[in-house]
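What follows is a set of notes on a single structure, which appears directly below.
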Amino acid sequence: MAMKISTLKRHFREGIKNIFRNGWMTVASIGSVTVTLLLVAAFLTIILNLNHMAQNVEDDVIVKVLIDVTADDNEVKELGESIKQLDKVDSVVFSSKDDELENLVDSMGEEGQSWELFEQDNPLNHAYIIKAKEPADTVEIAENIRTYDHIHKVTYGKEVVNQLFEFNENARIVGIVLIIGLVFTAIFLISNTIKLTIMARSTEIGIMKLVGATNGFIRWPFFIEGMLLGIIGSILPIAFLLIGYYYLVEKIVINVQIPFFELLPFYPFAWQISLVIFAIGALIGIWGSVMSVRKFLRV
Amino acid sequence: MIVMKDVHKKYPNGVTALNGITVNIDKGEFVYVVGPSGAGKSTFIKLIYREEKPTTGIVKINNINTSELKEKNVPYLRRKIGVVFQDFKLLPKLSVYENIAFALEVIEESPRNIRKRVMEVLDLVDLKNKARFLPSELSGGEQQRVSIARAIVNKPEIVIADEPTGNLDPETSWEIMRVFEEISERGTTMIMATHSKEIVNKMKKRVIAIEDGIIVRDESRGDYGYEN
């Protein structure tokens, strides 16, 4: 359905007029969208960054099995086989004690040179380096392997992994529940605001019907009113997000040195989230207007 | 042009408004609909512009059966029909010009045509010099002329008026009737429900009298036929 430019302009003009007509209801619905979107923005920022950090940790989460020095070659091989058979294991790599020493020396840089003395009499163990198919299963795999024979030690980033996964999960649930509640409140307020507009304009709508305006034509200004309420409500959250995240990344986190604590870069992340916030605002607005138009505008 | 066959209308609240109406109105006719209050005149009129559908029977406008007309096509029927009410139904915040242009804007007429047509009808109802006035700054007769201008601005084939002079003094009523005469002379079908004995008796047009939901009289050059 092609719409004339002059018609579209008219719908926008009417939609904007409606916004100013309703005073406090307009303020209330824009306010509720703003609060909702502020929370959505904060929540998305936290969750996505946690995911990002978890991803970093996950990439590093390996189970390292140090093999008892008493185990002979056959027993080492058997152990490797039985680990490979575990369902949740993705890969098993054997690392001999010579490899281990080399890694150690490399990782220490300059200071590591002195360790090369041990090359003749290596005190380290052979090891298996294991990766889980799902990082969340790391703990289970490690605990499982601990019960096997010929194990000297099983290590993994236990604390970090557990806490991160648990926090992430909880944050997700709380955040989603909160946001769904707020989104519905915002939709409700917007649909009420538009109901007021529809009632205020009932004479006008009656005349429009009388002279043969199509139903679509009558509805359009209300959709635009709703959409604009949502979009106006998204301005403040986007501003807060852009400014706040900029300071967080450029001024604060840059001075914090915690392993794995690394935020997503301002560009493009903050802009992507802004776009999402904008779209959610517009959608909330349109949804609210669709609801009241369907209910109160029998055209 | 307008055909009704054995039309009954019963409202959901149980009130029977029409009880078997059969009538034929040709293109260009001028018809008065008279009868006591509550006899079914308004329902008769609402059936024509498809505000209501008959409970049983057939209403055809320009060969379109209004009962079979899809909801989304009703607006296109309405564009062929201009409606004038007793209470004018003007938008108080719009000027005379804007009130009339409104009817063309909402059917997406081009701005150039809108200007041209609005000036034409303002001329017809003799309100060119008051185009910028608000309805509240006009007399009752002038407001009714604005509402007539709005009804005819998109050149409808039928104009319906539901007691258009009900709120006006006799002299102003004649002003309005002269406008209707002129519209009728241009070939538009005019249907007017009225309680004005003077107007009906003087104009000598077709008169349809409705009582208790049926047509009791249909005369081609009739009189009002009631005492007041």
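The values are calculated or read from the model by the stated rules, or taken from the named source; none is laboratory data. Quick caveat, the model's predicted, so the values are computed rather than measured. Please note: Cβ atoms are built from the backbone with ideal geometry, for glycine as well, and neighbour counts cover all protein chains shown.
Figures for the structure shown
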read-out	value
Filtered residues of the stretch B:174-188 (kept if part of a helix (DSSP H, G or I) and either more than 14 Å from B:Val200 (Cβ to Cβ) or in contact with a Gly (Cβ under 9 Å, 6 or more places away or on another chain) (or both))	B:Glu175, B:Ile176, B:Arg178, B:Val179, B:Glu182, B:Ile183, B:Ser184, B:Glu185
Flag for A:Lys295 being assigned to a helix (DSSP H, G or I), under 25 Å from A:Ile16 (Cβ atoms) and either modelled with pLDDT of 90 or more or of a type outside the set (Ser, Thr, Tyr) (or both)	yes
Residues (away from every other protein chain (no Cβ under 14 Å) and either touching a Phe, Trp or Tyr at 6+ places or on another chain (Cβ under 8 Å) or not charged (D, E, K, R) (or both)) located in the stretch B:144-157	B:Gln144
Of the criteria (1) buried (at least 21 other Cβ atoms within 10 Å of the Cβ); (2) more than 14 Å from chain B (Cβ to nearest Cβ); (3) closer than 30 Å to B:Ala101 by Cα, which one A:Met199 fails	(1)
A:Phe222 being surrounded by 20 or more Cβ atoms within 10 Å (Cβ to Cβ), within 11 Å of another protein chain (Cβ to nearest Cβ), of a type outside the set (Lys, Arg) and part of a helix (DSSP H, G or I)	no
Sole exception among (1) at pLDDT below 85; (2) within 16 Å of the chain's Cα centre (by Cα) for A:Leu275, by number	(1)
Considering residues of the stretch A:203-216 that are in contact with a Lys or Arg (Cβ under 9 Å, 6 or more places away or on another chain) and more than 16 Å from B:Glu51 (Cβ to Cβ) only, the residue nearest to the other protein chains (Cβ to nearest Cβ)	A:Thr214
Subset of the stretch B:119-141 [among the polar types (S, T, N, Q) and either in a helix (DSSP H, G or I) or in contact with an Asp or Glu (Cβ under 9 Å, 6 or more places away or on another chain) (or both)]	B:Asn129, B:Ser136
Residue in the stretch A:269-290 that is in contact with a Phe, Trp or Tyr (Cβ under 9 Å, 6 or more places away or on another chain), surrounded by fewer than 16 Cβ atoms within 10 Å (Cβ to Cβ) and in contact (Cβ under 8 Å) with a residue 12 or more places away in the chain present	no
Hits in the stretch B:63-77 - residues which are of a type outside the set (Phe, Trp, Tyr) and out of contact with any Pro (no Cβ under 9 Å at 6 or more places or on another chain)	B:Asn63, B:Ile64, B:Asn65, B:Glu68, B:Leu69, B:Lys70, B:Glu71, B:Lys72, B:Asn73, B:Val74, B:Pro75, B:Leu77
Which listed residue, of A:Glu116, A:Glu140, A:Glu110, is modelled with pLDDT under 80, surrounded by 11 or more Cβ atoms within 10 Å (Cβ to Cβ) and either of a type in the set (Asp, Glu) or not in a helix (DSSP H, G or I) (or both)	A:Glu116
Evaluation of A:Gly230 against (1) surrounded by 22 or more Cβ atoms within 10 Å (Cβ to Cβ); (2) within 14 Å of another protein chain (Cβ to nearest Cβ) (one fails), failing number	(2)
Qualifying positions in the stretch A:198-219 - modelled with pLDDT under 85 and assigned to a helix (DSSP H, G or I)	A:Ala200
Sole exception among (1) in the same structural domain as B:Asp212 (by the TED database); (2) more than 19 Å from B:Val33 (Cβ to Cβ); (3) of a type in the set (A, V, I, L, M) for B:Ile100, by number	(1)
Condition check for B:Tyr49: crowded, with 18+ Cβ neighbours inside 10 Å, within 14 Å of chain A (Cβ to nearest Cβ) and either of a type in the set (Phe, Trp, Tyr) or in contact with a Cys (Cβ under 8 Å, 6 or more places away or on another chain) (or both)	yes
Close pairs from the stretch B:95-113: first more than 7 Å from chain A (Cβ to nearest Cβ), partner part of a helix (DSSP H, G or I) and charged (D, E, K, R), Cβ under 7 Å, at least 6 apart	B:Val96/B:Lys130; B:Asn99/B:Arg150; B:Ile100/B:Arg150; B:Leu104/B:Arg117
Candidates A:Phe167, A:Phe188 - the one that is of a type in the set (Phe, Trp, Tyr) and within 23 Å of the chain's Cα centre (by Cα)	A:Phe167
Search result, residues across the stretch B:65-84 that are more than 9 Å from every other protein chain (Cβ to nearest Cβ), surrounded by 15 or more Cβ atoms within 10 Å (Cβ to Cβ) and not in a loop (DSSP other than H, G, I, E, B)	B:Val84
Residue count for the stretch B:142-173, restricted to those that are surrounded by fewer than 16 Cβ atoms within 10 Å (Cβ to Cβ) and assigned to a helix (DSSP H, G or I)	2
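Listed here are the residues, each with its yes/no results for (1) in a helix (DSSP H, G or I); (2) within 14 Å of another protein chain (Cβ to nearest Cβ).
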| site | (1), (2) |
| --- | --- |
| A:Met3 | no, yes |
| A:Thr7 | yes, yes |
| A:Arg10 | yes, yes |
| A:Ile19 | yes, no |
| A:Thr26 | yes, no |
| A:Thr36 | yes, no |
| A:Leu39 | yes, no |
| A:Ile46 | yes, no |
| A:Gln55 | yes, no |
